[in-house]
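Q: Structure incoming, see below.
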Amino acid sequence: MSSEYIVVGGGVYGAGTAWKLATQGKDVTLLEADTIACGASGGLGKRGVRANGRDPRELPLMEIAYDLWPDLADEIGYETGYERTGHLLLYEHETGGIQGGFESARARQSVQNELGVPTERLSAKEVEEMEPHITENVVGALYCPNDGIADHTATTRGLARAAEDHGATIHENTPVTGLERNGNQVTAVLSEDNRFEVDGKVILLSNTHVPELVESELDITLPIWKISPQVISTEPMDDVPVKHLIGHDHRRLALKEISDNRVMISGGWRGEWDDDAQQGVTVQARVEGNVADARTVFPALEDVEVQEADVSRRESVTVDRIPVIDTLPGAENMIVGTGWSGHGFAISLAVNQLLAKWAIEGSRPELLAPFTANRFAANAELEASSYIR
Ligand SMILES: Cc1cc2nc3c(=O)[nH]c(=O)nc-3n(C[C@H](O)[C@H](O)[C@H](O)COP(=O)(O)OP(=O)(O)OC[C@H]3O[C@@H](n4cnc5c(N)ncnc54)[C@H](O)[C@@H]3O)c2cc1C
């Protein structure tokens, strides 16, 4: 078996990059350990497609993604559940950490507008007009009208189907176990039962698995760890009090309406990981903490019960909370993407397009320059041994 491009991982990155390559007539094989969208790109509810509050280094990617999301369903021929709801980043008081507080909103607004993300600074009264059920403690908000939400599971599966429609081959239940190399080139990707030869490039997009593979195969330790983010859905309501995608300056809180008139509550709380059972475990106090924050900001949620809390989807996180998208010493024909740090879904459409371009043309697109692995090395000129171990 031999392919021009081998993509590892069937999340939104692997599926989307395979699709972008396949639509350009390339010979693509995607290897997925389990099933498409079984990782961070699948599961309960919807994902925020948000630029508001994002690291400025990712904002040029969001500017591109803004143009791509509305038409994606038509382009691939499958549902994405994308809706442009707008995002309100709420401020309640001035003690939002060193970077937060409403004092900081004007500076953030100006950076976001400069980098292609239309952003308005709203007064408490303007916020209340948009969100009539919100607490009176809100002093203002940053509003990004182009932000929205999408069905991440449907989007990821749709991208994978569209890749197949354009000729890509997808192998599910095929965990990658190793690489075969000749000098600095990867010549084959190995699974337990198979050897997949590569004529061109490997694109390693298996999220939490990427650091493990580059450690075992290339002896490079990326400064990345795994988390199990918590998401909660409420029971259905007659009247959903949350009208926009909501974020918060100092509370770990995100809210959005999802199917069946329910509200999804998330924003940075985490579960534990049970290594023996290989599954996420919810922590009741954290579920209650997340819900309590939601009820403080939207008192109308006071009597609404939790329907489900889920921590089963793992995500990779870097020390500076932006991803690593790079080639690594010892594997010059392999591009890796990992460390999405809890907000990789929204930018994926832009990154997938750039990854495909990089793989085909051979040079790193300028917009991906902030995401090199050697930003963590003391001396960027040093080879593998200089990476953090
Ligand atoms: C609960 C939660 C909420 C989030 N909310 C948001 C949000 O609101 N907005 C936002 O922008 N982002 C959000 N994110 C982040 C976003 O979902 C992720 O960054 C994104 O989905 C990562 O996509 P991926 O394709 O890299 O990873 P994944 O979807 O994890 O895909 C990786 C795939 O690789 C496969 N794999 C693993 N090991 C192997 C192997 N050995 N061989 C082959 N395949 C392998 C896995 O089975 C998996 O299918 C959230 C993440 C989580 C978990």
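The values are calculated or read from the model by the stated rules, or taken from the named source; none is laboratory data. From a predicted model like this one, the values you see are computed outputs, not experimental measurements. We place every Cβ from the backbone using ideal geometry, glycine too, and count neighbours over all the protein chains shown.
Q: Could you count how many residues in region 308-353 are within 16 Å of the ligand (Cβ to nearest atom) and assigned to a strand (DSSP E or B)?
A: 16
Q: Here is a further query. Sort out which residues of region 255-270 are buried (at least 23 other Cβ atoms within 10 Å of the Cβ) and touching a Ser or Thr at 6+ places or on another chain (Cβ under 6 Å), and write them in order of number.
A: Val263, Met264
Q: Taking the criterion of being farther than 30 Å from Pro329 by Cβ, in a strand (DSSP E or B) and either within 16 Å of the ligand (Cβ to nearest atom) or touching a Leu at 6+ places or on another chain (Cβ under 8 Å) (or both), would at least one residue in region 282-297 satisfy it?
A: No, region 282-297 contains no residue that is farther than 30 Å from Pro329 by Cβ, in a strand (DSSP E or B) and either within 16 Å of the ligand (Cβ to nearest atom) or touching a Leu at 6+ places or on another chain (Cβ under 8 Å) (or both).
Q: Among the residues of region 195-212, count how many are touching a Ser or Thr at 6+ places or on another chain (Cβ under 7 Å) and either free of Cβ contacts under 8 Å to residues at least 12 places away in the same chain or more than 21 Å from Ala356 (Cβ to Cβ) (or both).
A: 2
Q: Quick one: in region 354-377, which of the residues that are of a type in the set (Phe, Trp, Tyr) and modelled with pLDDT of 95 or more is nearest to the ligand (Cβ to nearest atom)?
A: Phe371
Q: For the structure I just gave you, tell me whether Asp249 is of a type in the set (D, E, K, R), over 18 Å from Val317 (Cβ atoms) and modelled with pLDDT under 95.
A: yes
Q: Being in the same structural domain as Leu179 (by TED's automatic domain parsing), surrounded by fewer than 24 Cβ atoms within 10 Å (Cβ to Cβ), charged (D, E, K, R) and in contact with a strand residue (DSSP E or B) (Cβ under 6 Å, 6 or more places away or on another chain) is the requirement here; does Asp27 meet it?
A: Here the answer is yes, as Asp27 does meet what is asked.
Q: Additional query: Can you tell me how many residues within region 173-193 are more than 22 Å from the chain's Cα centre (by Cα) and either surrounded by 14 or more Cβ atoms within 10 Å (Cβ to Cβ) or hydroxyl-bearing (Ser, Thr, Tyr) (or both)?
A: 13
Q: Among the strands (runs of 3 or more DSSP E) contained in region 1-96, which hold 3 or more residues that are more than 7 Å from the ligand (Cβ to nearest atom)?
A: 2-8, 28-31, 87-91
Q: Sticking with this structure for a sec: Restricting to region 298-325, count the residues that are of a type in the set (Asp, Glu), closer than 13 Å to Pro236 by Cα and in contact (Cβ under 8 Å) with a residue 12 or more places away in the chain.
A: 2
Q: Looking only at region 97-125, filter to residues that are part of a helix (DSSP H, G or I) and in contact with a Gly (Cβ under 8 Å, 6 or more places away or on another chain); which one of those is farthest from Gly11 (Cα to Cα)?
A: Filtering region 97-125 for residues that are part of a helix (DSSP H, G or I) and in contact with a Gly (Cβ under 8 Å, 6 or more places away or on another chain), the one farthest from Gly11 (Cα to Cα) comes out as Ala124.
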